[in-house]
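J.: Input: one structure, supplied below.
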Amino acid sequence: MRLCQFILKAIDSRPEDNYVAYRKGLGVVCNKEGGFSEDDFVVEFLESLVGSAVVYIARNMPNFVVWFSLVSDVSISEFMEVYPTWKWFEKQDGIRALQKNNNDPAPEFYNIYLERPKGDADGYDLVVVDAMHKANYASRICHSCRPNCEAKVTAVDGQYQIGIYSVRPISYGEEITFDYNSVTESKEEYEASVCLCGNQVCRGSYLNLTGEGAFQKVLKEHHGLLDRHCLLLEACELNSVSEEDYIELGKAGLGSCLLGGLPDWLIAYTARLVRFINFERTKLPNEILRHNIEEKKRYFAEIHMEVEKSDAEIQAEGVYNQRLQNLALTIDKVRYVMRCVFGDPKKAPPPLQRLSPEEAVSYLWKGEGSLVEELIQCMAPHMEDVTLRDLKAKIHAHDPSGYDDTEMKLRKSLLWLRDEVRNLPCTYKSRHDAAADLIHMYAYTKCFFSIREYKTVTSPPVYITPLDLGPKYADKLGSGVHEYCKTYNETYCLGQLIFWHNQNAEPDATLAKANRGCLSLPDVGSFYAKVQKPSRQRVYGASSACTLLFAVRVFGEAAPEALAKGSDLVIQELYESRWQSHVGCCFAQGYDRQRHGNSAVFTVLSLYFWFKVNGKCKRKFALEMEHDEPLISTVVL
């Protein structure tokens, strides 16, 4: 009794809590006498759309948005828009740009993917149907976590249509609902998308979050940044498609509709991605089951294992379908850019090219702008002329060019140079010991490759209306139609292919950032101060190197994040007068997050820093490692 009184008192004393209640939608109510039985057809969302014709339009008419009934050989419902996927994402990028990338709650959306069934003779593909501007009342049906209807793609007289069908009896006056089955990898978007269906089984959001936790475990462990580069480099080197590749693609439902007209290296890469998707499908149920059980043990005394296993299988199947969908989106985007650049996508050359041993020698030892040349330039202000001349003569004598086993000779020459540099006396202005560690990493890098950049292209404008922006931004930006032109940079295709599982506006920028620490080695000039008064604190030594090398062995690609969370790092900032970019090093010795901030912590070894940024310079990368060496590295020059 006293407990109840205490609770009532707490409720009465609670201050008034005002919050914004966003619109739930217009809603649709059944007004049919007698209602609907189970499996009854309710209404068409999109009627009579010939899939192959729309795919042809999406690929071959890049500026075309289907306003239904515009195409003579396509029988299409009136008053809807169909976008090729790349065009739809351009529009979304434009909306975010006009909204200044504001993290406001998710606006209302009326779009739906029209997917060709995987069992279709031409295979899987998809387009986006947008019912925001013009549509029938089906577009106003609300979401429910326990719906009475579902959306199905069916074929009627050889034509595809999206229809709404009942999944249980619906009585007169009952609201018509279906589960949107929308997914997001953004936790912020997931939390902002509050569901108001009011059912006992309500998930709390009309979006499903798939970007965290157990859903990403297999991908992070078996398909990291290095793994994806390995797959792409392998496909680029072979530049051919095997019979086994076609069999794998066919089993996944990918055929001529999605893959037709693509270069062989891209089809081969797609086959390798499909193999990973299949591998993930077999491993993911156990990971999800383990995660779900651990979570529920915190709140429930009883857990029904059979139910949990079934749920884990369903969730894993959902991730599988999302992976295939993202793969199709990536291929459609890349196809469009390659068509803009080369005319025929089949003419697009592979984006990665392995360096031959001779090219590696030029890049590291004797070419213009090579590692050794830059090392000498950086060391010169900190060495006596006689010592520097002697070192140059020795370097010339150890030139690895012209040997039968050039690769092995190059490694031996680099290891010799490492020892020579390590034996030089260090000062607070010249850290020869750190430079020697960097040379060691170069020596044990097995594979170097270069990026073949495509031409930058700007897409024709996409048109954005006030309805697309929402009422808040429509008032600010006016009632007129806005134009947005998407620019695809030189490495857009590479970034999109590497981050195929996640759609974002600038995959090339994401790739440049992600390369640091696991695929890109630091610049040797960062060990030699160019400022008048560098710090005299000794921030690099054997303990620092051991700590960070251990982190690489334990955490792999996650080492930067793991080190950033610890308290054993210090940031030593150096400034390079020759470059506009700023060079900073990450060392072990008491890093303070509050004082130094997160921006400087992005490196994996004791040598990692901001790299030299110069758009005119070529990017060269190194990949793979020997099993007894903890050093995976790449170089950005």
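J.: Check whether at least one residue in segment 419-429 is out of contact with any Phe, Trp or Tyr (no Cβ under 7 Å at 6 or more places or on another chain), crowded, with 16+ Cβ neighbours inside 10 Å, within 30 Å of Y488 (Cα to Cα) and not assigned by TED's automatic domain parsing to the domain that holds E234, and report yes or no.
T.: no
J.: So, one more: Do you know which residues across segment 249-273 are surrounded by fewer than 22 Cβ atoms within 10 Å (Cβ to Cβ) and within 16 Å of the chain's Cα centre (by Cα)?
T.: none
J.: Now for a different question. If you go through segment 212-221 one residue at a time, do you hit one that is closer than 23 Å to T445 by Cα and within 16 Å of the chain's Cα centre (by Cα)?
T.: yes
J.: All but one of (1) loosely packed, with under 14 Cβ neighbours inside 10 Å; (2) of a type in the set (S, T, Y); (3) assigned to a loop (DSSP other than H, G, I, E, B) hold for T387; which doesn't?
T.: Evaluating T387 over (1) loosely packed, with under 14 Cβ neighbours inside 10 Å; (2) of a type in the set (S, T, Y); (3) assigned to a loop (DSSP other than H, G, I, E, B) leaves (3) as the failure.
J.: Need at least 1 residues that are closer than 19 Å to H229 by Cβ and at pLDDT below 90 per element, so show me which strands (runs of 3 or more DSSP E) inside segment 429-544 make the cut, counting only ones lying wholly within it.
T.: 445-451
J.: When you go through (1) of a type outside the set (A, V, I, L, M, F, W, C); (2) touching a residue at least 24 places away in the same chain (Cβ under 8 Å); (3) in contact with a strand residue (DSSP E or B) (Cβ under 6 Å, 6 or more places away or on another chain) one by one for Y190, which number turns out not to apply?
T.: Condition (2) is where Y190 drops out.
J.: For segment 306-320, enumerate the residues that are free of Cβ contacts under 8 Å to residues at least 12 places away in the same chain and among the aliphatic types (A, V, I, L, M).
T.: V307, I314 - these are the residues of segment 306-320 that are free of Cβ contacts under 8 Å to residues at least 12 places away in the same chain and among the aliphatic types (A, V, I, L, M).
J.: A further question follows. Take the residues of segment 414-462 that are in contact with a Leu (Cβ under 9 Å, 6 or more places away or on another chain) and small (G, A, S): which is farthest from C518 (Cα to Cα)?
T.: Checked segment 414-462; the qualifying residue farthest from C518 (Cα to Cα) is S430.
J.: Checking the condition part of a helix (DSSP H, G or I), aliphatic (A, V, I, L, M) and under 30 Å from Q503 (Cβ atoms), which residue from A380, A328 passes?
T.: Answer to the selection: A328.
J.: Same structure again: Would you check if I314 is closer than 23 Å to Y113 by Cα, among the β-branched types (V, I, T) and more than 20 Å from the chain's Cα centre (by Cα)?
T.: Spelling it out, I314 is indeed closer than 23 Å to Y113 by Cα, among the β-branched types (V, I, T) and more than 20 Å from the chain's Cα centre (by Cα).
J.: Here's another thing I want to ask about it. Would you confirm whether any residue within segment 341-361 is surrounded by fewer than 17 Cβ atoms within 10 Å (Cβ to Cβ), small (G, A, S) and more than 33 Å from the chain's Cα centre (by Cα)?
T.: no
J.: Then there is this: Among all residue pairs at least 6 apart or on different chains, which show Cβ distances below 9 Å where the first residue, located in segment 348-369, is free of Cβ contacts under 8 Å to residues at least 24 places away in the same chain and not assigned by TED's automatic domain parsing to the domain that holds V524 and the second is small (G, A, S) and crowded, with 22+ Cβ neighbours inside 10 Å?
T.: Partner pairs satisfying both residue conditions: none exist.
J.: Related question: Under the condition of being free of Cβ contacts under 8 Å to residues at least 40 places away in the same chain and in a helix (DSSP H, G or I), which residue from segment 228-248 is nearest to the chain's Cα centre (by Cα)?
T.: E234
J.: Across segment 197-238, what is the number of residues that are over 19 Å from N278 (Cα atoms), out of contact with any Leu (no Cβ under 8 Å at 6 or more places or on another chain) and aliphatic (A, V, I, L, M)?
T.: Qualifying residue count for the region: 4.
J.: Moving on to the next point. Going by the structure shown, is N321 within 20 Å of L219 (Cβ to Cβ) and buried (at least 18 other Cβ atoms within 10 Å of the Cβ)?
T.: So N321 fails the test.
J.: Can I ask one more? Condition test on G261, is it of a type in the set (G, A, S), over 22 Å from N181 (Cβ atoms), in contact (Cβ under 8 Å) with a residue 60 or more places away in the chain and not assigned by TED's automatic domain parsing to the domain that holds C447?
T.: When the stated conditions are applied, G261 passes them.
J.: Turning to a different aspect of this structure: Is it fair to say R23 is among the basic types (K, R), modelled with pLDDT under 85 and under 38 Å from the mean Cα position of the chain (by Cα)?
T.: yes
J.: Return the residues of segment 390-424 that are of a type outside the set (A, V, I, L, M, F, W, C), outside any helix (DSSP H, G or I) and farther than 18 Å from P357 by Cα; say none if nothing qualifies.
T.: Matches in segment 390-424: N423 only.
Residues are listed down the side, and each one gets a yes or a no for (1) out of contact with any Lys or Arg (no Cβ under 7 Å at 6 or more places or on another chain); (2) in the same structural domain as I288 (by TED's automatic domain parsing); (3) farther than 30 Å from N111 by Cα:
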{"position": "T177", "(1), (2), (3)": "yes, no, no"}
{"position": "L196", "(1), (2), (3)": "no, no, no"}
{"position": "N208", "(1), (2), (3)": "yes, no, no"}
{"position": "L231", "(1), (2), (3)": "no, yes, yes"}
{"position": "I247", "(1), (2), (3)": "yes, yes, yes"}
{"position": "G253", "(1), (2), (3)": "no, yes, no"}
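J.: Within segment 308-316, is there a residue that is exposed (fewer than 15 other Cβ atoms within 10 Å of the Cβ) and either closer than 28 Å to E90 by Cα or among the aromatic types (F, W, Y) (or both)?
T.: no
The values are calculated or read from the model by the stated rules, or taken from the named source; none is laboratory data. Because the structure is a prediction, the values reported are computed rather than measured. Here the Cβ is made from the backbone with ideal geometry for all residues, glycine too, and neighbour counts use every protein chain on show.
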